[in-house]
Structure formats: structure tokens, C-alpha cells
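The values are calculated or read from the model by the stated rules, or taken from the named source; none is laboratory data. What you are looking at is a predicted structure, and each value in this text was computed from that prediction instead of being measured. Note that each Cβ is placed from the backbone with ideal geometry, even for glycine, and that neighbours are counted across all protein chains shown. Side chains included, ligands, DNA and RNA excluded: accessible areas come from the protein's heavy atoms. Shrake-Rupley method; radii C 1.70, N 1.55, O 1.52, S 1.80 Å.
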Amino acid sequence: MKKLFAFAGLLLFAATAFAQSESNIFSHFGGSVGIGTTGLTIDLTTNVTDFVGIRAGVDIMPKVKYSTTVEIDGVEDRQVQYDMVRTLNPHLNLPATHFPNKVDVEGKLNNTTGHVLVDLYPGKKTTLHFTVGAYFGPSEVVQVYTTKDEQLLGVAQYNDSQARAIAGFPKIGAQLGDFFLEPDATGHIDACVKTSGFRPYVGVGIGRNIPRKNPIGVSLDLGAQFWGTPKVYCQGNELTASDVEGEDGGVVKLLTKVKAYPTLTLRLTGKFF
């Protein structure tokens, strides 16, 4: 993020140096604020020529928490197996427990980003523009964790007892989309969705990055950030897709399948000089 602000400061210096020249290169400087799928956007902008503009800024996404549920796979059969193991092996001291069909989890979004974008205008006076550039953000975009570890404590004890009794015995866990989440020894699940921190961007929009005649203008941008194939980690270990697809998980399940983040931003632009 420090490099991003340093780049923005460099743009300001360049714009000031050229502002008084008769050349139309770096002759104007401005800024914008906007809102959209990237959160609150704040930009510093300048024009390289009448056909090229540069924007650098930050996109502040609130760290919103939300609750969802994920299903537990095959609990009915496993309940019978657990009760049998508990009865036949009293020395294991396994407590009586009931495996839940679903477990409550909390998700937290972490997607505040920075960006450097270049707007390309087909004509000197046109407001239509094509945009290329990149967004920079955290690789860990979503965290998912249990809020009540006691819900899966019996599951963790079952997994431990079966692993000790029968090598390779299938364990119980939460099914998040195509991924199997196994609780740790305390019944806690701590998972996250990771993407690339460097995200090339391609888009199209209407509006000049710096208004030509009026001090205030409006710009609308639509595009996509290409952040690669999302990866899911649980307890710090990368997971591979399982054979069973869970029905729950909400937005987290969706994010595990999306390779490009859609970007729609409405901005209010202004000219400083």
C-alpha cells in the first residue's frame, strides 16, 4: 500500500511540473470518490494526453461479518458407528454425543485493495473509455470459522478414535461447496479462501477521469479483476476438491468457484486544476 501512495504522489508531482506548460501532457490533475463492488473508492487522477488517463487509489471494503451454515456429511451412519465404538471400547472413555447435521459458522470478508488503472479514450472528446491495469490486495479474502466449538467437539473425538482404531477410516467434517473441512482436536474449524494478491483488470466505462469543461463529473466503470483459481485452506493446510458437493456455505461456496471478481463502480470525479 505504501508503494501505491508513493506512485500517487509521483503523479501529483508530474502533474504540477507540467501544469503550466503549453503541452497538453499531464496538464490536469484531479480526484474521485466512488462506491461499488470494491467498496468505497478514492482516486487521484491525471491525464497523460487527451486520449490516455491514469488513476491510482484505494478501495476500502468493510470487514463485514456474516453467519451461515454448512452441512455435515454422512452423520447418520457415523453416529451408529461412534456409539458402537464407544460401547465396545470403554477404555477409550468416549463421551456420549450427538453429531449435528449442520454447523453454524461465521464468515469475514477481507478485500480492501489498491489499484493503478490506465483509461484509454478512442476520441479526444469522447467519454467512452477502455481500462487496463491491476488491483493489489490481500490473498486471504474470506475467513470462515466456527463460533461454537462444542458443536463439533464430539465429531473431533470421533475422528480421533476412528483414526486410532482403523487406519484410513473416513472422518466426519463440514462440507463447504466442493471442500471437506475437518475440525481440530477442540472441535474448531478455521478455514479461508485465498486468491492472487495481484489481480490484472480489464474494463469499459463512460465518463472522463478528469472532467473536460465542468469541475465535477460522473463516471461509471464495469470490468473484472482476474484473481486466479481460489484455493481453500483449513487449519493452515491447502484442501483439494472432494467427491461430495455440499449444499450450504452461501457466498463462501460461490467464491470458491469464481476466478474473476466483477467490478462495478460509480464515481464522482473532480478537477483540481
Item checked: Residue-by-residue Karplus 3J(HN,Hα) for segment 115-129, coefficients 6.51, -1.76, 1.60, Hz, glycine and proline x -> 8, 10, 10, 10, 9, 10, 9, x, x, 5, 10, 6, 9, 5, 9
Next item on the list: Find how much the distance from Asp149 to Ile42 grows on full extension, using 0.36 nm per residue of separation minus their present alpha carbon separation; answer in nm with one decimal.
Entry: 34.5 nm
Item checked: Accessible area of segment 23-64 belonging to carbon and sulfur atoms, whole % at 1.4 Å probe -> 84 percent
Notebook entry, point to check: Excluding ligands and nucleic acids, what accessible area in Å² is computed for Glu238 using a 1.4 Å probe, to the nearest 10?
Noted result: 100 Å²
Notebook entry, point to check: Of all chymotrypsin sites (Phe, Trp or Tyr not before Pro) in segment 22-91, which ones are in loop regions per DSSP and have a Cβ with at most 16 other Cβ atoms within 10 Å?
Noted result: Phe51
Margin query: Give me a comma-separated list of calculated 3J(HN,Hα) values for segment 180-190, in order, Karplus coefficients 6.51, -1.76, 1.60 applied at θ = phi - 60°, integers in Hz, x for any Gly or Pro.
Written below: 9, 9, 9, x, 7, 5, 8, x, 8, 10, 10
Check: When the accessible area of segment 127-220 is computed with all protein chains present and a 1.4 Å probe, what percentage of it is carbon and sulfur?
Finding: 62 percent
Margin query: Tell me which of Leu109, Val141, Val52 sits at the most positive position along the dipole axis of segment 52-146, charges placed on C-beta atoms (Lys, Arg +1; Asp, Glu -1).
Written below: Val52
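Kindly flag which residue pairs out of Lys102/Lys257; Lys108/Lys213; Lys63/Lys213; Lys171/Lys231; Lys124/Lys257 have an alpha-carbon separation exceeding 32 Å in this structure.
Violating the 32 Å limit, Cα to Cα: Lys108/Lys213; Lys63/Lys213; Lys124/Lys257.
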Notebook entry, point to check: If the chain between Lys124 and Asn110 were fully stretched, how many nm would it gain, using 0.36 nm times the residue separation less the Cα-Cα distance?
Noted result: 1.1 nm
Margin query: Can you compute 3J(HN,Hα) from phi for each residue in segment 100-114, using the Karplus curve 6.51 cos²θ - 1.76 cosθ + 1.60 with θ = phi - 60°, rounded to whole Hz and x for Gly and Pro?
Written below: x, 6, 9, 10, 7, 10, 10, x, 9, 8, 9, 9, 6, 10, x
